[in-house]
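What follows is a single structure, written as structure tokens, with notes after it.
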Amino acid sequence: MTHQAKDPALDFALRGIVFPPQPHLIAPIMAEMSKAEPDLKAIALLISGDVTLASSLLKMVNSPFYGLSRKVTSVEEAIVMVGIRKTLHMVRALSLSRSFKPMPGMEGFWEDTARNATFALMLAGELGLDGDLSFLMGLFHDSGILLLMQQQSDYLQVFRQSIESSDFSLADLEYQCYNTDHARVGSVFARYWYLPENIVRAIENHHSPDAFTAFTDREIGNLIAITVLAEDVNAEFLCQPNFNWERMGQAALSHLLVEASAWPPLRADTVARFSKEL
């Protein structure tokens, strides 16, 4: 169930939840994109001014998961090859982990998040879904966890309890303790960073099995479903239990028109392909 706040920005400010500012590059890139004829050189110059970001962007574009026919060597060339929209998504993705300070007890969070996002991208390719949006959803959908952790001194205990419990989802436990949950917090953060509205809505509802039938925009359900599948692949990769699959797995498969019997071999194949690229 989704728990709505009347004024989420004010509500979270009063709770002491501070959103990391959006990367300074986002606004000028979006401004350039809104022009009738965007200047690719200007966008490339903006990104190239951040050496770490530029090198990470080239590494991501040249990764096997994007399947380019040749290696790109400059930011401008990368923009030409993948497009401005995808470049903006990559800038958001690469800026995300740098925007949060390290959290004790959550040292593997970003590695786990990046793996989930990669699995979402791979599955999207297999199932004919939007890979860019699936990747962004994979990266951002749990960002509210770190935002709640910075405000709640006992949050790590609640988080660990959810990992060990098959009775309650993390969002259920959060709402019991804090009268909000990481899905709601994460959705407001995603809107603050100007992510597409369908991602914002998907993040807000990604712990709700009802979400697959609640929206006329099927893309929202697709994003939630691909995230559920990606997390199951990640659990398989790590040889860990996945209690959320019991709550949402079948609904996610049904929404994507994937037969239950087809999922184990697809999951195993995704793990194998990912392991081969390591």
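As a test of the formula, what do you get for the chain when each DSSP H run with n ≥ 4 contributes -39,500 (n - 2.57) and the sum is divided by the residue count, at 222 nm and rounded to the nearest 500 deg cm²/dmol? Working shown, then result.
Values: 17 runs with 184 residues, N = 278.
Rounded to the nearest 500, it is -20000 deg cm²/dmol.
Based on Cβ point charges of +1 for Lys and Arg and -1 for Asp and Glu, what charge dipole magnitude is obtained for the chain about its Cα centre, in debye rounded to the nearest 20?
Numbers: 22 positive and 33 negative charges, 150 e Å.
With only Lys, Arg, Asp and Glu charged at Cβ, the dipole is about 720 debye.
When the GluC sites (Glu not before Pro) in segment 96-177 are filtered for DSSP coil states and for at most 11 other beta-carbon atoms within 10 Å of their beta-carbon, the remaining sites are GLU107. Using the eigenvalues of the Cα gyration tensor, what equivalent ellipsoid semi-axes result for the chain when each is taken as the square root of five times the eigenvalue, whole Å, largest first? Value: 29, 24, 18 Å, ordered largest first. A 1.4 Å probe over all protein chains sorts CYS239, CYS177 by accessible area into CYS239, CYS177, starting with the largest.
Considering all C-alpha pairs of segment 185-240, those separated by over 19 Å amount to 34%. Is the C-alpha gyration tensor of segment 147-224 telling us rounded, prolate or oblate? Criteria: a/c under 1.5 is rounded; beyond that, a/b larger than b/c is prolate, otherwise oblate. Because a/c hits 1.5 or more and a/b fails to exceed b/c, segment 147-224 counts as oblate. Protein heavy-atom accessible surface, 1.4 Å probe, per residue over segment 145-275: 44 Å². Segment 183-203 to segment 41-70: how many Å between their Cα centroids? If you average the Cα positions of each part, the centres end up 25 Å apart. Ratio of Rg to Rh for segment 100-246: 0.94 [Cα atoms; Kirkwood radius as inverse mean 1/r over pairs].
Mean Kyte-Doolittle hydropathy of -1.0 or higher plus an axial Cα length of 20 Å or more: which whole DSSP H helices in the chain meet both? Don't skip to the end; give the middle numbers.
Details: long enough: 109-127 (27 Å, 0.26); 218-238 (30 Å, 0.71); 263-277 (21 Å, -0.74).
TM-like helix candidates: 109-127, 218-238, 263-277.
Remark: segment 70-135 carries 42 Å² of accessible area per residue (probe radius 1.4 Å; ligands, DNA and RNA excluded).
Mind checking the dipole of segment 43-157: about its Cα centre, +1 per Lys or Arg Cβ, -1 per Asp or Glu Cβ, Debye to the nearest 20?
On the way: 9 positive and 11 negative charges, 67 e Å.
In total the dipole reaches around 320 debye.
Of the accessible area of segment 17-108, computed with a 1.4 Å probe over protein heavy atoms only, carbon and sulfur atoms account for 60 percent.
Ranked by the mean number of other Cβ atoms within 10 Å per residue, highest first, peptides 133-140, 82-89 order as 133-140, 82-89.
For LYS35, the lysines whose Cα comes closer than 20 Å to its Cα, not counting residues fewer than 8 places off in the same chain, are LYS86. I'd like to know which of ASN116, THR87, PRO64 lies farthest towards the positive end of the charge dipole of segment 60-133, counting +1 on Cβ of Lys and Arg and -1 on Cβ of Asp and Glu. Checking the options against the dipole of segment 60-133, the answer is THR87.
The values are calculated or read from the model by the stated rules, or taken from the named source; none is laboratory data. Treat the numbers as computed from the prediction; the structure is a model and nothing was measured. Here the Cβ is made from the backbone with ideal geometry for all residues, glycine too, and neighbour counts use every protein chain on show. The protein model used for the area step is the full one, side chains on, heavy atoms only, and it has no ligands, DNA or RNA in it. Shrake-Rupley method; radii C 1.70, N 1.55, O 1.52, S 1.80 Å.
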